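Reading through the structure tokens given below for one structure.
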Amino acid sequence: MTFDRRDFLVRTGLLVGAGALAAAGCRSDDEARRAGFATGLDTWEGVRQSFELDPRRVQLSSFLLAAHPRPVRLAIDAHRRRLDVDAAAYIQENEERLEAEVLQAAAAYLGVAPEEVALTGSTTMGLGLLYATLELRPGEEIATTEHDFYSTHEALRLRARATGASVRRVRLYDEPALASPEDVVETIRGAVTPRTRAVALTWVHSSTGVKLPLRAIADALAERDAELGKRKTLLCVDAVHGLGVEPEQLPELGCDFFVSGCHKWLFGPRGTGIVWGRAEAWAEVRPTIPSFTDRESFQAWLRGRDPTATSAAAFTPGGYQAFEHRWALAAAFYFRQEIGRERAAERVRSLAAQLKHGLLEVPGVTVRTPFDEQLSSGLVCCDVPSSTSLPDEFVKRLREEHGVVASLTPYATSYLRFGPSIVNSEDDVDRAVEALRSMV
Ligand SMILES: Cc1ncc(COP(=O)(O)O)c(C=O)c1O
């Protein structure tokens, strides 16, 4: 499914609703649309103007927690106002339609079916729910790597502690800048034994900026399974630093489960996330938190029966939500469709390359993220000479003295990390490089 501009405007108009727009302070739909979207998303300056970022700062850490672009702010505000006026009526009359709209918008962006998408509050929530319940037969294990984030490692540790399941960790590279796609694929393939049920990976490592070649890994896993005559090894991916940057749609990647927050590079509402599972893969997990999305679970409860199979809807954690954020997720996907996936990917690639080349010229700075686009995405990690100042202090000085917002990677080996994104310009990147040059 694709969206054209008119569709985007019409759908967002429908999403926000005339009454809600009035409630949001707009006199007419046209005025609201002008306020929301007519900011010229065909230029990068126009995209930047959709955000309320502090103009004095160069924001290179959107990968931590996204700012909301105008369409998302408008949608949140409109839903919030209607919930504030009469939550019961707004939910009763709109919940099903608005949730379906979010699922459809997400599915269209991801290139999958809406029934295969579960809604969560973050990457961590999705990973926790997935690894807590992935069906393991006695003796089966999950393989992962040394490069994943706390959320994957801790979810696997908790699972192992609760059930005695075993987790095997492999190292894919020593020096990230020298990582090779062939070695990465071969190491993962070699980690699969007859007992491996799933491989838990991270698409773009937040520790180093290395991007894994997911398609090649999926193909290697299929070959390995055939060689060993075993059932399918499930490829489960923390995709949060790829979603909203990389242009591929999910069927191209070959994963079985794709878990992501929508509140980083996608610039969706804070506190939103998704889990996508291949249609057949949903049978491999169990719901943990009772779903309010899945009608079947609720009907079964009313009739005193057990629900039959797991689905994405049943996996979606229930309880009432911050619905203004959840429902505004549709606007985030429309916004990204309007900008264009390939165009955004090209932009981020080009800014990241500019940054890496700039950093290369700064004496004493070592770029840790590969230059090869096959193995890198928007994240850029580097080392500064240790004699300059402590890294924590360095990030603080970058922000306070130069207005450049970066971060440190939260890992045992820590690097200085930048994330140029669709909100940035070439000047921003130059400013970051010059700031660093003046500090080392
Ligand atoms: C690889 C990775 N996964 C997950 C997270 C956490 O994401 P969320 O806030 O969506 O749980 C982070 C960092 O915030 C991360 O770097």
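The values are calculated or read from the model by the stated rules, or taken from the named source; none is laboratory data. Note that the coordinates shown come from a computational prediction; the quantities given were computed from them, not determined experimentally. Backbone-built Cβ (ideal geometry, glycine too); neighbour counts: all protein chains shown. When the accessible area is computed, the model is the full protein with side chains, heavy atoms only, and any ligands, DNA or RNA have been set aside. Shrake-Rupley method; radii C 1.70, N 1.55, O 1.52, S 1.80 Å.
Considering Pro410, Pro370, which residue is assigned to a loop (DSSP other than H, G, I, E, B) and open to solvent by less than 80 Å² (accessible area, probe 1.4 Å)? It would help to see each step written out before you state the result.
Working: Pro410 fails: open to solvent by less than 80 Å² (accessible area, probe 1.4 Å).
Pro370 is the lone residue from the list that is assigned to a loop (DSSP other than H, G, I, E, B) and open to solvent by less than 80 Å² (accessible area, probe 1.4 Å).
Is it the case that region 222-236 has a residue that's within 13 Å of the ligand (Cβ to nearest atom), on the phi < 0 side of the Ramachandran plot, touching a strand residue (DSSP E or B) at 6+ places or on another chain (Cβ under 8 Å) and open to solvent by less than 10 Å² (accessible area, probe 1.4 Å)? Give the derivation first.
First pass over region 222-236, keeping only residues within 13 Å of the ligand (Cβ to nearest atom): 236.
From the residues that got through so far, the ones that are on the phi < 0 side of the Ramachandran plot too are 236.
Next, only the ones that are touching a strand residue (DSSP E or B) at 6+ places or on another chain (Cβ under 8 Å) stay: 236.
Checking the rest, the ones that are also open to solvent by less than 10 Å² (accessible area, probe 1.4 Å) come to 236.
Yes, that holds for at least one residue.
Please count how many residues of region 296-320 are in contact (Cβ under 8 Å) with a residue 12 or more places away in the chain and either surrounded by fewer than 19 Cβ atoms within 10 Å (Cβ to Cβ) or aliphatic (A, V, I, L, M) (or both).
Residues of region 296-320 that are in contact (Cβ under 8 Å) with a residue 12 or more places away in the chain, as a first pass: 296-297, 307-320.
Cutting the leftovers down to either surrounded by fewer than 19 Cβ atoms within 10 Å (Cβ to Cβ) or aliphatic (A, V, I, L, M) (or both) gives us 296, 307-309, 312-314, 318-320.
Total meeting the criteria: 10.
What residue, among those in region 418-440 that are in contact with a Phe, Trp or Tyr (Cβ under 8 Å, 6 or more places away or on another chain) and not in a loop (DSSP other than H, G, I, E, B), is modelled with the lowest pLDDT?
Once the filter is applied, the top-ranked residue is Met439.
Just a yes or no: is a residue in region 382-390 more than 19 Å from Glu175 (Cα to Cα) and crowded, with 20+ Cβ neighbours inside 10 Å?
no
Could you check region 124-149 and list, in sequence order, the residues that are outside any loop (DSSP other than H, G, I, E, B), within 8 Å of the ligand (Cβ to nearest atom) and open to solvent by 10 Å² or more (accessible area, probe 1.4 Å)?
Scanning region 124-149 gives Thr124, Met125.
Thr413 passes all but one of (1) closer than 24 Å to Ala345 by Cα; (2) within 16 Å of the ligand (Cβ to nearest atom); (3) over 21 Å from the mean Cα position of the chain (by Cα); which number fails?
(1)
Just wondering, is there one or more residues in region 170-185 that are within 16 Å of the ligand (Cβ to nearest atom), within 24 Å of Cys262 (Cα to Cα) and at pLDDT 95 or above?
Checked against the condition, which is being within 16 Å of the ligand (Cβ to nearest atom), within 24 Å of Cys262 (Cα to Cα) and at pLDDT 95 or above, region 170-185 yields no hits at all.
Please verify whether region 168-178 includes one or more residues that are under 17 Å from His241 (Cα atoms) and either surrounded by 22 or more Cβ atoms within 10 Å (Cβ to Cβ) or among the small types (Gly, Ala, Ser) (or both). It would help to see each step written out before you state the result.
From region 168-178, those under 17 Å from His241 (Cα atoms) are 176; that's our starting set.
With either surrounded by 22 or more Cβ atoms within 10 Å (Cβ to Cβ) or among the small types (Gly, Ala, Ser) (or both) added as a condition, the list becomes 176.
Yes - at least one qualifying residue is present in region 168-178.
Exactly one of these conditions fails for Arg70: (1) open to solvent by 40 Å² or more (accessible area, probe 1.4 Å); (2) in contact with a Gly (Cβ under 9 Å, 6 or more places away or on another chain); (3) of a type outside the set (Phe, Trp, Tyr); (4) within 16 Å of the ligand (Cβ to nearest atom). Give me its number.
It is condition (4) that Arg70 fails.
If I ask for residues that are among the polar types (S, T, N, Q), away from the ligand (no atom under 16 Å from the Cβ) and in contact with a Leu (Cβ under 8 Å, 6 or more places away or on another chain), which ones from region 186-211 would you list?
Thr187, Thr193 - these are the residues of region 186-211 that are among the polar types (S, T, N, Q), away from the ligand (no atom under 16 Å from the Cβ) and in contact with a Leu (Cβ under 8 Å, 6 or more places away or on another chain).
If you take the residues of region 40-67 that are touching a residue at least 40 places away in the same chain (Cβ under 8 Å) and part of a helix (DSSP H, G or I), which of them is surrounded by the most Cβ atoms within 10 Å (Cβ to Cβ)?
Within region 40-67, the match that is surrounded by the most Cβ atoms within 10 Å (Cβ to Cβ) is Val47.
Is there any pair with a first residue in region 193-210 that is of a type in the set (D, E, K, R) and a second that is away from the ligand (no atom under 16 Å from the Cβ) and assigned to a loop (DSSP other than H, G, I, E, B) whose Cβ atoms are under 6 Å apart and which are 6 or more apart or on different chains, and what are they?
Cβ pairs passing all conditions: Arg195/Gly139; Arg195/Glu140; Arg197/Leu136; Arg197/Glu140.
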